[in-house]
Each structure stands twice: as structure tokens, then as C-alpha cells.
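Asker: Below are the C-alpha cells for one structure; questions will follow.
The values are calculated or read from the model by the stated rules, or taken from the named source; none is laboratory data. Because the structure is predicted, anything quoted here is derived from the model rather than measured. Because the Cβ atoms are built from the backbone with ideal geometry, glycine has one as well, and the counts that use them run over all protein chains shown. The area values use the complete protein model at the heavy-atom level, side chains included, leaving out ligands, DNA and RNA. Shrake-Rupley method; radii C 1.70, N 1.55, O 1.52, S 1.80 Å.
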Amino acid sequence: MQVKTILTAAALTLASAVSAYAGCTYHEQQAMTCAEGTTYDSESKSCVPTTS
């Protein structure tokens with residue numbers, strides 16, 4: 001009986017953690033800071049020199 005209770009509690013905890021992560025949109029958004037004279041290029045996902 002105690003093993004069933006522990007397994008059920010673990011399953012519910014895991015399910016709530018996964019659903020909380022899936023519902024969060026912030027894990028895909030990041031702030032990128034590039035050095036002076038460079039800008040962020042979303043295609044290469046890196047900082048590239050500014051040409052102007």
C-alpha cells in the first residue's frame with residue numbers, strides 16, 4: 001500500500017512539473033548581448049560584425 005502511494009505521488013509530481021514547463025513560453029526566449037560593433041544574427045545564432 002505504501003509503495004502505491006509513493007509511486008502515485010511521484011507520478012503526479014512529475015506530471016505537474018512537465019505541464020508547468022510546457023506551458024511556460026519563457027524557456028525559448030533569451031536575451032543576447034553582443035560586444036560593441038557587433039549585432040546578433042538570428043540565422044547563424046551568433047554575433048557578427050556590424051557593416052555600415
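Asker: Only one residue in Tyr40, Tyr21 is in a strand (DSSP E or B) and either surrounded by 10 or more Cβ atoms within 10 Å (Cβ to Cβ) or modelled with pLDDT under 90 (or both), so which one is that? Full working, then the answer.
Answerer: On the way: Tyr21 fails: in a strand (DSSP E or B).
After applying the criteria, what remains is Tyr40.
Asker: Residue by residue through region 24-37, note down the ones that are modelled with pLDDT under 65 and of a type in the set (Val, Ile, Thr).
Answerer: Listed by number, the list holds a single entry, Thr25.
Asker: Sticking with this one: Which condition does Thr5 not pass, out of (1) in a loop (DSSP other than H, G, I, E, B); (2) at pLDDT 90 or above, if it passes all the others?
Answerer: (1)
Asker: Now, a different point. Given the structure, is Ala15 on the phi < 0 side of the Ramachandran plot, in a helix (DSSP H, G or I) and either open to solvent by 100 Å² or more (accessible area, probe 1.4 Å) or modelled with pLDDT under 85 (or both)?
Answerer: Working: on the phi < 0 side of the Ramachandran plot: yes; in a helix (DSSP H, G or I): yes; either open to solvent by 100 Å² or more (accessible area, probe 1.4 Å) or modelled with pLDDT under 85 (or both): yes.
For Ala15, the condition - on the phi < 0 side of the Ramachandran plot, in a helix (DSSP H, G or I) and either open to solvent by 100 Å² or more (accessible area, probe 1.4 Å) or modelled with pLDDT under 85 (or both) - is met.
Asker: Also, quick follow-up: Pairs needed: first member in region 37-52, free of Cβ contacts under 8 Å to residues at least 12 places away in the same chain; second member anywhere, open to solvent by 80 Å² or more (accessible area, probe 1.4 Å) and part of a loop (DSSP other than H, G, I, E, B); C-beta distance under 7 Å; at least 6 residues apart or different chains.
Answerer: Listed pairs, sorted by first residue: Tyr40/Met32.
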